[in-house]
1. Among the residues of segment A:59-74, write down those that are part of a loop (DSSP other than H, G, I, E, B), free of Cβ contacts under 8 Å to residues at least 24 places away in the same chain and within 10 Å of chain B (Cβ to nearest Cβ).
2. Within segment A:45-58, track down each residue that is in contact with a helix residue (DSSP H, G or I) (Cβ under 7 Å, 6 or more places away or on another chain) and either at pLDDT below 80 or more than 9 Å from chain B (Cβ to nearest Cβ) (or both).
3. Suppose we filter B:90, B:99 for residues that are over 16 Å from the mean Cα position of the chain (by Cα), part of a helix (DSSP H, G or I) and not assigned by TED's automatic domain parsing to the domain that holds residue B:27; which single one remains?
4. Does residue A:170 meet the test of being under 16 Å from the mean Cα position of the chain (by Cα), under 23 Å from residue A:76 (Cα atoms) and modelled with pLDDT of 95 or more?
5. Looking only at segment A:79-89, which residues are part of a loop (DSSP other than H, G, I, E, B) and either surrounded by 12 or more Cβ atoms within 10 Å (Cβ to Cβ) or at positive phi (or both)?
6. Residue A:225 fails exactly one of the following numbered conditions: (1) within 14 Å of chain B (Cβ to nearest Cβ); (2) surrounded by 21 or more Cβ atoms within 10 Å (Cβ to Cβ). What is the number of that condition?
7. Looking only at segment A:75-85, count every residue that is more than 11 Å from chain B (Cβ to nearest Cβ) and closer than 18 Å to residue A:216 by Cα and tell me the total.
């Protein structure tokens, strides 16, 4: 394997985009104001401290509450026959596929926060818990969707095993690839939310989230975090990689 | 044909004028932010220039989309209630027979279609009732791809998530097509623009 660069392009992608937006703004001022540069001037892309951006963030929080109210833990996601599984499933992450990280040596899944038993979990112990399989639609926030097969431990079973406070508000996930996300407790306890160990009937490989990933079909794809390192049960909204930049936090489907 | 005498009533009652501009602003925001969302994963062989999109990137596009949607939703419900209860739909928008429609389309294409403030001809009736239907479909397909699980029955009505997403996009294109035609016609009859802003007296019917 080639040596990793100190900073990958993906890690600074947002800063690059922000800089190029500033360049665009200067260009816009030179050429006379265009609609887009006018928008950037007033700050309407969630990256500034303008009044419009503040209003948009307020609407995002309002949207979280509406989505939380619409959510029913009894409503199940549609499942599909094996023949419906998308061939050549698309890799998606905040970085390119060649930057996928291998599973660290002596990997253990850490648990933290409002839980009774903080003993880290080995893959073998996770395999020993009851397993569920599902063939469901993965819907990306970008709009595309694909059908895949996952199996693993239902998260509600895992949370009960570690003695989690099930009345806590959030479950947070951090990953050893630098990614993070968080979900509400009601969605975490949904029967189809699983800690997936297998994809397409095979143990997960690194690009599909090895050794353990979240698979939560009641939310948009970016919530199904791969390459898990730790799970925390908390009452303070932990945000996440995309959520902190402006993706709608609840993002239920 | 001489200019008609006044009728004593405004071309558009005040509620219509308010709801028109609130709705128009919301629709423009929905379209421009929708383009930012579309650009993240284009299903047609083109993208929209970033400078014209609202938000500029996916996350901000969605923030705008789910903000403007409440304005459109409230304005649309108020308009539908007003339209049915006041008789506006029955009186002004109810499509007339195919013969009158063919006659008016022929007249419009040869620039001989007269326009009287306060009375919609067959072409206008078709366009306005059509775009109202299209906007309703855009809202319903939009809800069905926003909540394909919680509103799964609605997504099912439209043939599932990918099909509903396609219909949502098609409805956007229909609305953009309507806007182009609408603006062209307003440019041909500028006093219709004034009548949607100020209480200009309606003219006597044909």
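1. Passing the criteria: only A:72.
2. Once the filter is applied, which keeps residues that are in contact with a helix residue (DSSP H, G or I) (Cβ under 7 Å, 6 or more places away or on another chain) and either at pLDDT below 80 or more than 9 Å from chain B (Cβ to nearest Cβ) (or both), segment A:45-58 yields A:50, A:52.
3. Just one listed residue meets the conditions, B:99.
4. Criteria met by residue A:170.
5. Once the filter is applied, which keeps residues that are part of a loop (DSSP other than H, G, I, E, B) and either surrounded by 12 or more Cβ atoms within 10 Å (Cβ to Cβ) or at positive phi (or both), segment A:79-89 yields A:80, A:85, A:86, A:88, A:89.
6. (1)
7. Within segment A:75-85, residues that are more than 11 Å from chain B (Cβ to nearest Cβ) and closer than 18 Å to residue A:216 by Cα number 2.
The rows are residues; the columns are (1) part of a strand (DSSP E or B); (2) touching a strand residue (DSSP E or B) at 6+ places or on another chain (Cβ under 7 Å); (3) more than 18 Å from residue A:91 (Cα to Cα).
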position: A:207; (1), (2), (3): no, no, no
position: A:214; (1), (2), (3): yes, yes, no
position: A:217; (1), (2), (3): no, yes, no
position: A:225; (1), (2), (3): no, yes, no
position: A:229; (1), (2), (3): yes, yes, yes
position: A:233; (1), (2), (3): yes, yes, yes
position: A:239; (1), (2), (3): no, yes, yes
position: A:244; (1), (2), (3): no, no, yes
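The values are calculated or read from the model by the stated rules, or taken from the named source; none is laboratory data. Computed from a predicted structure; not experimentally measured. We place every Cβ from the backbone using ideal geometry, glycine too, and count neighbours over all the protein chains shown.
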